[in-house]
1. Which lysines have a Cα less than 19 Å from the Cα of A:K8, not counting those fewer than 8 places away in the same chain?
2. May I ask you to list the lysines whose Cα is less than 27 Å away from that of A:K285, ignoring any residue fewer than eight positions away on the same chain?
3. Suppose R0 equals 25 Å. What FRET efficiency, 1/(1 + (r/R0)^6) with r the Cβ-Cβ distance, do B:F141 and B:F315 give to the nearest 0.05?
4. What is chain B by shape, rounded, prolate or oblate, if you read a ≥ b ≥ c off the alpha carbon gyration tensor as root eigenvalues and call it rounded for a/c under 1.5, prolate for a/b larger than b/c, and oblate otherwise?
5. If you place +1 on the Cβ of every Lys and Arg and -1 on the Cβ of every Asp and Glu, how big does the dipole about the Cα centre of chain B come out, in debye to the nearest 20?
6. Among A:F304, A:I324, A:A264, whose Cα sits farthest toward the positive end of the charge dipole of region A:212-358 (+1 at Cβ of Lys/Arg, -1 at Cβ of Asp/Glu, about the Cα centre)?
7. If I model a spin label at B:R364 and A:V335 as a point 7 Å from the Cα along the Cα→Cβ vector, what separation in nanometres do I get?
8. When the helices in chain A are scored as -39500 (n - 2.57) per DSSP H run of 4 or longer and the sum is shared across all residues, what 222 nm value do you end up with, to the nearest 500 deg cm²/dmol?
2 protein chains.
Amino acid sequence: MTHIKLTKIAQSLPNAVPFVGPEALERQRGVAFKARLGANESTFGPSPKAIAAMNAAVQETWKYCDPENHDLKEALSAHLGVHRDHIVVGEGIDGLQGYLVRLIIEPGDAVVTSLGAYPTFNFHVNGFGGDLHTVPYQGNFEDIDALIAKAHQVKAKLVYFANPDNPMGTHHRGQDVAEFASKLPKGCLLLLDEAYADLAPPEAIPEIPVKTPNVIRMRTFSKAYGLAGARVGYAFGPVDLIQAFDKVRNHFGMTRVSQAGALAALADQEYFKHVTGLVAQSRTKIDKIARSNGLITVPSATNFVAVDCGRDHEFATLVLNGLIDQGVFVRMPGVSPLNRHIRVSCGGEQEMAAFADALPDALRSAG
Amino acid sequence: MTHIKLTKIAQSLPNAVPFVGPEALERQRGVAFKARLGANESTFGPSPKAIAAMNAAVQETWKYCDPENHDLKEALSAHLGVHRDHIVVGEGIDGLQGYLVRLIIEPGDAVVTSLGAYPTFNFHVNGFGGDLHTVPYQGNFEDIDALIAKAHQVKAKLVYFANPDNPMGTHHRGQDVAEFASKLPKGCLLLLDEAYADLAPPEAIPEIPVKTPNVIRMRTFSKAYGLAGARVGYAFGPVDLIQAFDKVRNHFGMTRVSQAGALAALADQEYFKHVTGLVAQSRTKIDKIARSNGLITVPSATNFVAVDCGRDHEFATLVLNGLIDQGVFVRMPGVSPLNRHIRVSCGGEQEMAAFADALPDALRSAG
């Protein structure tokens, strides 16, 4: 008996775990974080009605989920004003991005993204043998013109663009995003990641007819709706592309509790508005804390704020480690020059107080 | 702008939803099922301690899961007596099978399974362009010798084998399964699907050293542990193969509630034993109901029983539809000659009474 040979693509992929969660850091440190501000989760939590719905659904966890996600799709259809045939629900945006890349990227196909944008998207593109091409950010913004030019240059099959952006929190105007799509090469799909759209100003949301053949939009219940641990995302776009997900998706992959939680969270728009107000307050608070320590922040349309530590990556890393040492979990952008920032998620009074307490020491010990 | 072209493999795949859930049937019928006995779920539910743990975890659903599944892997390590490096946790056996096929099957690679075995496995093999070869069952049993012969004949990279079997519920002796693995061609992996192993007699469980390079075993919390809607499966096998899952898996794909539920369910072995007792009683009950209607059953090592309707597929389909019309959800094997049976999941007194009530009418109206 011999060892089993992996596919050529799988052989080429690193074996390492590419994503380190806060629990791993807690196990290393031997103590829990005081403030969990690194993953842009919503410390405000989901709607109490979503919690009640999930608790009720726990009793039914012996049943598989509805593989059609029927009720949630109907609710999203009403919410978005598009027919349910244009909507697919999946195991978070991460899961949906994996399916999308698998559906359209052959080994060697060109894919374009911004250098320093969402690493999980890159993980999927590499995972299916796609050929990643990147363009740098322009300051703190993804560079639409450069993405378009690169897409034409490399004959891209797929372009990734997040609006608002992660990790910087900036956004482009909706009309510029709509134009972006119209300027891509023939046969090139725009994956518009709108994970943070629910938290952005209305001007950031493009008006793109859902039938537009080269745009797919993805949103999530992980951010504004406070359900990161439930893994519920959705995509909407042209029917033929959306229905192709049925070819490959894990049909019984949703959990019953998550379906119930997302449905109830979406229905409680009053709580949703309450949370977006708290997020806006927290953005202001993070900016205030940063300024009182002599730092500046990047204006954000999301539930996090990039804080410019004012020097280089090495310094920002020391600040980040100083915060973690004091029990405040934050993360930072992955590439230069963005990585002179730390990325701080919004949170409630307790989390903001912990950040305010820890930042001066972290800056001092960073030198 | 043009429509987006799918990959060659994706183009070849059917667009249709391959799996119809009971909720879809309920929506068609306009009324809920009285007894849900079609998907081998556990109507006995999970441990009350698992329910309590899930209810507590609901409060933390704003947090992403621990991507390492650390605590559950530690518990499984103790339970199985193998080091955690030999274990991967994933979104149900369905999710893990998708990852495994992706890791080792290139387009055109030969894969062997039994004709009428697990359709989701076939879905994944087709989904990655593998070349499926099947051998018929021998009576109500998967045919080990034929699987071995076919694997050599087609130079298979992967062989699927479920022990106990689904949809027939039969099992082979553990020592025969262990021998099976040793007789496969060089470089051929045995995927041993043990979804029902927790419900089988000890003699069905093979002793295969976990380091054996050509065997991977998969188990689930969906059956005996009553957590189908939570999507928690695990695989164990040689370290190099297990760790390769990190190359492609959806690292944050588990839900926080499901991790908590599985951990608590595994810890409550007393309740687990209680359920296996109830399942055994229900198997006897299904047999009794069948016999009192002049039918025979296939002896089962699982939480379901295949009932031979005594005639052909057409007749069995009429019986199945007659049960569904009366609010009793059951399923049947997908291919001839297995499909003269209906497959009835175990259940409590209420479900068994509903089945006992509905069967005579279903047989009568089937003619």
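Bear in mind that the values in this text are calculations on the coordinates, not laboratory data. The model shown is predicted, which means the values in this text are computed figures rather than measured ones. Here the Cβ positions follow ideal geometry from the backbone for every residue, glycine too, while neighbour counts run over all protein chains shown.
1. Leaving aside lysines fewer than 8 places away in the same chain, those within reach of A:K8 are B:K8, B:K155, B:K157, B:K186, B:K247.
2. A:K34, A:K223, A:K273, B:K63
3. Working: r = 23 Å, r/R0 = 0.92.
Once rounded, the FRET efficiency stands at 0.60.
4. On the way: a/c = 1.40, a/b = 1.20, b/c = 1.17.
Note, shape of chain B comes out rounded.
5. Working: 35 positive and 38 negative charges, 95 e Å.
Using Cβ point charges on Lys, Arg, Asp and Glu, chain B gives about 460 debye.
6. Highest projection toward the positive end goes to A:A264.
7. In this crude label model, B:R364 to A:V335 measures out at 7.3 nm.
8. Working: 13 runs with 150 residues, N = 367.
It comes out at -12500 deg cm²/dmol, rounded to the nearest 500.
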